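Asker: Supplied in structure tokens, the structure appears directly below.
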Amino acid sequence: MVEKINSRIQQYNYNTISSVRNLTNQNTTAATSLPAFTATYPIQQNQQQNTVPVQIRTTLNSKEEKAKYTTLLSNLDKNGRKILENLLKSGILLNSDSNDHSTVLDNLYKIINEPRAQGLDGKTMLKDTIATIAYPYVITQQFGDIPPEYQERAIKANNEGVTNLIDLYEGKNDINVTHSGTCVAASTEFKLAKQQPAEFARFAQELSSQKLSVNKKIGLNNLADNTINAVWLLNAFEIPYKMDNFDQADLTFAPDKNAIIRAQIQTTNKDPYERTPLDVLMQSTFMQIGSQQSYNSLTDKRAGKFNQNDKGLIEFEKTFTESVVFDKNILSVTYQTVDENARLVGYETDLGTMKKHLLDALNEGENIIIGYTQTDSNNIIVNGHEITIVGYKTDKNGKITFICNDTDDNIPRAIEYSEDYLLPKIHHAALPKHIVEKDLNIVPNYVEGIDMYKNMKNAA
């Protein structure tokens, strides 16, 4: 049976620090050293139930589409035009698998043709959006430095309403973020760009527009087993929403109020391997969703009722974020058994069954966001991180190598892990319920969340 993570681990965030990043780099498997592999990658289409199959279209059919395409070409450099042409040839540009059925082309055109938020540049946002859709591995969670000309403004924004001298001093120093805790948000951004490019483009357009928000209609049955519990979750996570009926809600997602400062800085002062303005807005928005609207982009810290730590997101928050962003019933399956001292003591199922779950999901077209752990010599969990599994390779002996993306390794390409290395480290994975329910007795994530919230209130 999949047990609820103990209270200490519930407060454990999947952040990344250099020790984890170094471990990752040392244990990747070079593709050139692998014999006779057959690679399997997820199907690039939305796998939601009751969804009409996405039609691949590579021809501009109307005068309006041709005019939009011409406008985009005129606002791109030679490399950008080449990327745009490839997006058209591959069928991605005219993909309409978005919440409002708008195409990638429609949203790219709005980015360049409609005003952007203050301090954001339409051409920069256009370039970053097409580059990310074409190659999502460029997404990173690396914060940039705050240049001198922005320091006073950033400090003032971070210390707004603060009067205590000690807090003012801390607020001045907290804006210099060294290691970010946005691996969940960055992985969500990657998955959205890779699996639903039209929806990604819609998010990019709306979040960078003057309204700095995006609306999304979701099915409440993708959050919980009944409307009451789904509404409880929306209220608990403090998501602005409207309901027209008992089956569907219209949610509003937005970055935190300080994200615009970070986005403006990255528009004019982005260094190599740092986040783009688009990354800033996307990751802030997903952190806001998961942290009950308590995130601060200037400090990379959060508050919120479900987490006593001030960095990152816990597993329950991550699952809710994925569920609403993808409008899908996401089930976070906990594989590691951890005691009250944060010691890894075993697994909820054998590694072969775990592997089967992952391969079944990949074969259905899923990109799987997983949380993996790092332990010390006493098997105490000391660190964790979120990455995304996007495919796998099988060698002639049947051994699996998982193809993954890590948003915090400064490597803008896929990385590879052998099954022997990765499987024992997986703490949890986001999977479709039907894949695991035959093997494990699953406690729905919203049930765990409600119980956790009640226990925290009773203990207060």
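Asker: When only residues in the stretch 213-255 that are in contact (Cβ under 8 Å) with a residue 24 or more places away in the chain and charged (D, E, K, R) count, which is surrounded by the most Cβ atoms within 10 Å (Cβ to Cβ)?
Answerer: Ranking the candidates gives K216 first.
Asker: Here is a list: L431, L423. Which entry is under 26 Å from N329 (Cβ atoms), modelled with pLDDT under 95 and not β-branched (V, I, T)?
Answerer: Criteria check complete, one pass: L431.
Asker: Of all residues in the stretch 307-318, count the ones that are open to solvent by 10 Å² or more (accessible area, probe 1.4 Å) and closer than 18 Å to I369 by Cα.
Answerer: Qualifying residue count, the stretch 307-318: 2.
Asker: Taking the residues in the stretch 127-145 that are within 16 Å of the chain's Cα centre (by Cα) and within 20 Å of N75 (Cβ to Cβ) as candidates, determine which candidate is most open to solvent (accessible area, probe 1.4 Å).
Answerer: Step by step, filter the stretch 127-145, then rank; the result is Y135.
Asker: Separate question: Between residues in the stretch 142-158 that are over 24 Å from E189 (Cβ atoms) and residues that are open to solvent by 40 Å² or more (accessible area, probe 1.4 Å) and part of a helix (DSSP H, G or I), which pairs lie under 6 Å by C-beta distance while being six or more apart or on different chains?
Answerer: Pairs found: P147/N269; I155/K172.
Asker: Hey, any hits in the stretch 268-282 for a residue that's surrounded by 24 or more Cβ atoms within 10 Å (Cβ to Cβ), closer than 22 Å to E149 by Cα, of a type in the set (D, E) and at pLDDT 95 or above?
Answerer: Yes, that holds for at least one residue.
Asker: In the stretch 377-406, what count of residues is obtained for those that are farther than 13 Å from D420 by Cβ and among the aromatic types (F, W, Y)?
Answerer: Of the residues in the stretch 377-406, 1 are farther than 13 Å from D420 by Cβ and among the aromatic types (F, W, Y).
Asker: For T321, all conditions in the list (1) buried (at least 24 other Cβ atoms within 10 Å of the Cβ); (2) out of contact with any helix residue (DSSP H, G or I) (no Cβ under 9 Å at 6 or more places or on another chain) hold save one; what is the number of the exception?
Answerer: Checking T321 against (1) buried (at least 24 other Cβ atoms within 10 Å of the Cβ); (2) out of contact with any helix residue (DSSP H, G or I) (no Cβ under 9 Å at 6 or more places or on another chain), the one that fails is (2).
Asker: Pick from E199, E189: which is surrounded by 19 or more Cβ atoms within 10 Å (Cβ to Cβ), within 13 Å of the chain's Cα centre (by Cα) and in a helix (DSSP H, G or I)?
Answerer: E189
Asker: Across the stretch 294-306, what is the number of residues that are open to solvent by 10 Å² or more (accessible area, probe 1.4 Å) and of a type outside the set (S, T, Y)?
Answerer: Residues in the stretch 294-306 being open to solvent by 10 Å² or more (accessible area, probe 1.4 Å) and of a type outside the set (S, T, Y): 6 in total.
Asker: Can I ask one more? Can you name the residue in the stretch 69-94 that is under 15 Å from Y109 (Cα atoms) and of a type in the set (G, A, S) and, of all such residues, is least open to solvent (accessible area, probe 1.4 Å)?
Answerer: Looking at residues that are under 15 Å from Y109 (Cα atoms) and of a type in the set (G, A, S), I get G80.
Asker: Taking the stretch 375-409 only, how many residues are touching a residue at least 40 places away in the same chain (Cβ under 8 Å) and of a type in the set (G, A, S)?
Answerer: Residues in the stretch 375-409 being touching a residue at least 40 places away in the same chain (Cβ under 8 Å) and of a type in the set (G, A, S): 2 in total.
Asker: Tell me, which residue of the stretch 435-455 that is part of a helix (DSSP H, G or I) and either among the β-branched types (V, I, T) or out of contact with any helix residue (DSSP H, G or I) (no Cβ under 9 Å at 6 or more places or on another chain) (or both) is surrounded by the most Cβ atoms within 10 Å (Cβ to Cβ)?
Answerer: Among those that are part of a helix (DSSP H, G or I) and either among the β-branched types (V, I, T) or out of contact with any helix residue (DSSP H, G or I) (no Cβ under 9 Å at 6 or more places or on another chain) (or both), it is V436.
The values are calculated or read from the model by the stated rules, or taken from the named source; none is laboratory data. Because the structure is predicted, anything quoted here is derived from the model rather than measured. In this analysis, Cβ positions are derived from the backbone assuming ideal geometry, glycine residues included, and neighbour counts consider all displayed protein chains. Only protein heavy atoms, including side chains, enter the accessible area calculation; ligands, DNA and RNA are left aside. Shrake-Rupley method; radii C 1.70, N 1.55, O 1.52, S 1.80 Å.
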